[in-house]
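Every number here is computed from the coordinates shown, using simple stated rules; none is lab data. Nothing here was measured: the structure is a model prediction, and the numbers come from that model. Every residue, glycine among them, receives a Cβ derived from its backbone with ideal geometry; neighbour counts consider all protein chains shown.
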Amino acid sequence: MSKYSLYGVVVVILVALVAVVVRNMPAKTGPLIPARMASNRHNPDALKFYHLKNVQTSNNPLAAWKMTKNGGVGSGYIFMDPHGQLIDSIKDPRGVLEKVVDVKHNQPIVTGKDLVPNAQANLDPAAGNVLEIQFNEAGSKKFAEFTRRNVDEYLAVFFEDKLITAPNIKIAITGGKAQISGFPSPQEAKRAAEMLN
């Protein structure tokens, strides 16, 4: 048998083995997704809105925490308690949730479960990378009622337990739609939209 005939036999055997393996695979295997990308799947609990009732406002000047913006869009917030303890929302997002929000005793006002699954990432010339959302009927009622009762209070928006923005409520938001600014990149805003839809 020549050298080329032997190669031909080996190739035929390899092709036959591949055919057997492919034939015995499950019909629907789905795409292989790396573990870090698997978190991009639908997860409406990734978005949560909390009332920052422990943060000083004109309505609540004796609250325990003072809040200041730490620079421009996406640069986070600094919280300071009466003893001078500082929490940087970028460096210590868990500290903001545990100490400032006090998640053990405070539930979110609304979450991604209160949304219509049509969130869109966008670039706003004034606000930067934003997420445009629409509340479902129940979420719209909850959000309108909360903002009506808490004008001049702060509303913190968390995505994957990281503080994205904490706007001061100027008026009741009754239209059922909102725009969330503060995403550090277009990719992060797009990822948030994908997880909510």
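Here are a few things to note about the model shown:
- Computed over the range 42-196, relative contact order equals 30 percent, with contacts defined as Cα pairs under 8 Å that lie 6+ residues apart.
- The range 79-177: C-alpha gyration tensor shape, a/c 1.5 cut-off, then a/b vs b/c: prolate
- Given Lys104/Lys162; Lys91/Lys177; Lys53/Lys141, the pairs whose alpha carbons are separated by over 28 Å: Lys91/Lys177
- Efficiency of FRET between Lys91 and Ser185 - r from beta-carbon atoms, R0 22 angstrom, step 0.05: 0.75
- Environment charge of Ala189, counting only residues whose C-beta is closer than 12 Å and scoring Lys/Arg +1, Asp/Glu -1: -2
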